[in-house]
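Each remark here refers to the structure printed beneath this line.
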Amino acid sequence: MDCLFCKIVSGDVPADVVAETERTVAFRDIAPQAPTHVLVVPREHHADAASCIAADPGLMVEVMAAAVVVARSERLDGGYRLLANTGSDAGQTVHHLHVHVLGGRALGALG
Ligand code: AMP
């Protein structure tokens, strides 16, 4: 399977990794939309949040927990946004589940 984030997880594509757990990897987004913009992915390939929840709901919990740990370590004390684009209407471009951790300034409204 030709998946960019699988290649980042395996180390075949370089990334600025900020945190790792047994089942997740967090790395900085290549085109940050906020002063802090980190992506948290499961090591195992799941196309999106819905697929991951269906196959292994505990893994989705681990991804969200890892995202909260990243927000804490990035000192996003003023608040932050956790976001998982899911499907084409949401603009998902990489079809390997990833949770965006955005913060470091006041974020605009969604929508
Ligand atoms: P989404 O639009 O929700 O699918 O988000 C995909 C994200 O992946 C975008 O914010 C991209 O900037 C980011 N991205 C694409 N390629 C890379 C890469 N090689 N390393 C880090 N982030 C990437």
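Below are the figures for this structure:
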item: Of residues in region 82-93 being surrounded by fewer than 19 Cβ atoms within 10 Å (Cβ to Cβ) and under 11 Å from the mean Cα position of the chain (by Cα), the one nearest to the ligand (Cβ to nearest atom); result: Asn85
item: Test: residue in region 22-30 that is open to solvent by 50 Å² or more (accessible area, probe 1.4 Å) and farther than 20 Å from Gly91 by Cβ; result: yes
item: Residue within region 32-41 that is away from the ligand (no atom under 14 Å from the Cβ), in a loop (DSSP other than H, G, I, E, B) and more than 13 Å from the chain's Cα centre (by Cα) present; result: yes
item: Test for Gly79: is it surrounded by fewer than 16 Cβ atoms within 10 Å (Cβ to Cβ), over 15 Å from the mean Cα position of the chain (by Cα) and modelled with pLDDT under 95; result: no
item: Qualifying residues in region 60-76 (those that are hydrophobic (A, V, I, L, M, F, W, C) and open to solvent by 30 Å² or more (accessible area, probe 1.4 Å)) - the one nearest to the ligand (Cβ to nearest atom); result: Met64
item: Cβ pairs under 6 Å, 6+ apart, first in region 67-82 and in contact (Cβ under 8 Å) with a residue 40 or more places away in the chain and within 15 Å of His98 (Cβ to Cβ), second of a type in the set (Gly, Ala, Ser) and surrounded by 12 or more Cβ atoms within 10 Å (Cβ to Cβ); result: Val70/Ala19; Val70/Ala26
item: Filtered residues of region 1-29 (kept if without any contact (Cβ under 8 Å) to a residue 12 or more places away in the chain, within 13 Å of the ligand (Cβ to nearest atom) and part of a loop (DSSP other than H, G, I, E, B)); result: Gly11, Asp12, Val13, Pro14
item: Residue ID - most open to solvent (accessible area, probe 1.4 Å), chosen from residues in region 31-50 that are under 16 Å from Leu102 (Cα atoms) and not aliphatic (A, V, I, L, M); result: Gln33
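The values are calculated or read from the model by the stated rules, or taken from the named source; none is laboratory data. These figures come from a predicted structure and were not determined experimentally. For neighbour counting, all protein chains shown are included, and Cβ atoms are generated from backbone atoms with ideal geometry for every residue, glycine included. The accessibility values were calculated without ligands, DNA or RNA, using every heavy atom of the protein model including side chains. Shrake-Rupley method; radii C 1.70, N 1.55, O 1.52, S 1.80 Å.
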